[in-house]
Amino acid sequence: MNLNAVLTIYLSEMRRFFRTITQSFVSPVLSTSLYFVVFGAAIGSRIDQVEGVSYGAFIVPGLIMLSVMTQATSNASFGIYFPKFIGTIYELLSAPINFLEIVAGYVGAAATKALFIGVIILVTAYFFVDLEIQHPFAMMGFLILTCISFSLLGFIIGIWAGNFEQLQLIPLLVITPLVFLGGSFYSITMLPPAWQTVTLFNPVVYLISGFRWSFFGTADVGIGVSLLAIALFTAACLGFIGWIFKTGWRIRQ
């Protein structure tokens with residue numbers, strides 16, 4: 001693998017991120033604080049505990065997942081769409097680098113940005129609730145895997161998108177609703193049995209459940225099922241990206 005090519009793409013994307021570091025830092029802190037005020041104070045005052053955990057602490061994994069999934073998808077999609085929009089992607093495709101190195105550079109940068117946001121939200125949460133992470137290594141593992149997998153999804157969206165509006169279409173109309181309906185702010189055991197069954201068809205449930213298990217040791221679905229779900233999702237994204245570069249779909253057409 002051409003590490004110099006990967007590093008060049010990675011650093012180029014990261015420089016764009018650090019040019020707006022204030023916005024990148026302040027925005028998640030303010031939005032997280034707002035969620036804690038609305039959900040933690042207003043709703044949390046009416047809900048004592050969920051699965052033995054205070055409601056304010058219970059929503060922390062969901063808040064992190066919400067921001068990480070949307071940020072990873074948006075950063076990766078814009079990162080690859082912009083060179084396609086201005087035409088510099090052809091220079092990239094004609095360079096002596098393969099598609100894995102291109103993907104590693106763009107996805108690595110988007111995953112790093114999303115991880116940065118996730119850590120900021122986690123630190124902010126400590127100012128509002130008493131939080132103890134039972135499995136810190138598992139928590140970081142789930143967080144990193146989620147950043148990578150949704151950055152891969154964002155890369156696919158960036159290749160597919162034909163304009164800037166379409167870049168936000170899936171994050172806003174698909175991913176965000178799935179996260180809200182995937183148990184990010186409640187346990188699916190609180191739903192009626194019929195809706196519990198329906199919710200299990202939401203793939204985001206398995207990611208949030210596994211991530212919450214790393215915090216509190218409780219989960220709506222088995223930890224093994226969560227790991228399998230994220231592994232299959234990552235593999236599917238990699239396979240689809242490989243097909244994109246093999247056929248030139250939405251790149252050379």
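The values are calculated or read from the model by the stated rules, or taken from the named source; none is laboratory data. All values derive from a computational prediction rather than experimental measurement. Please note: Cβ atoms are built from the backbone with ideal geometry, for glycine as well, and neighbour counts cover all protein chains shown.
Points worth noting:
- Test: Thr199 is β-branched (Val, Ile, Thr), exposed (fewer than 13 other Cβ atoms within 10 Å of the Cβ) and farther than 20 Å from Met139 by Cα: no
- Scan of region 97-119 for residues that are part of a helix (DSSP H, G or I) and of a type in the set (A, V, I, L, M), ordered by number: Leu100, Ile102, Val103, Ala104, Val107, Ala109, Ala110, Ala111, Ala114, Leu115, Ile117, Val119
- Filter pass, Gly118 being crowded, with 19+ Cβ neighbours inside 10 Å, within 19 Å of the chain's Cα centre (by Cα) and small (Gly, Ala, Ser): yes
- Among the candidates Ser45, Ser27, Ser31, the residue that is modelled with pLDDT under 75 and farther than 12 Å from Phe128 by Cα is uniquely Ser45.
- The set of residues in region 123-136 that are assigned to a helix (DSSP H, G or I), over 13 Å from Arg212 (Cα atoms) and either touching a helix residue (DSSP H, G or I) at 6+ places or on another chain (Cβ under 8 Å) or not β-branched (Val, Ile, Thr) (or both) comprises Thr124, Ala125.
- Counting only residues that are surrounded by fewer than 17 Cβ atoms within 10 Å (Cβ to Cβ) and either under 19 Å from Ser67 (Cα atoms) or touching a strand residue (DSSP E or B) at 6+ places or on another chain (Cβ under 9 Å) (or both), region 202-237 holds 2 of them.
- The residue that is nearest to Ser24 (Cα to Cα), counting only those in region 79-115 that are of a type in the set (Phe, Trp, Tyr) and crowded, with 20+ Cβ neighbours inside 10 Å, is Tyr106.
- Failed item in (1) closer than 23 Å to Arg212 by Cα; (2) at pLDDT 90 or above, with Thr176 passing the rest: (2)
- Of all residue pairs spaced 6 or more apart or on separate chains, those with beta-carbon atoms under 8 Å, a first member in region 80-96 that is more than 17 Å from Leu7 (Cα to Cα) and a second member that is small (Gly, Ala, Ser) and in a helix (DSSP H, G or I) are Tyr81/Gly158; Lys84/Gly158.
- Filter pass, Phe245 being buried (at least 17 other Cβ atoms within 10 Å of the Cβ) and over 22 Å from Ile47 (Cα atoms): yes
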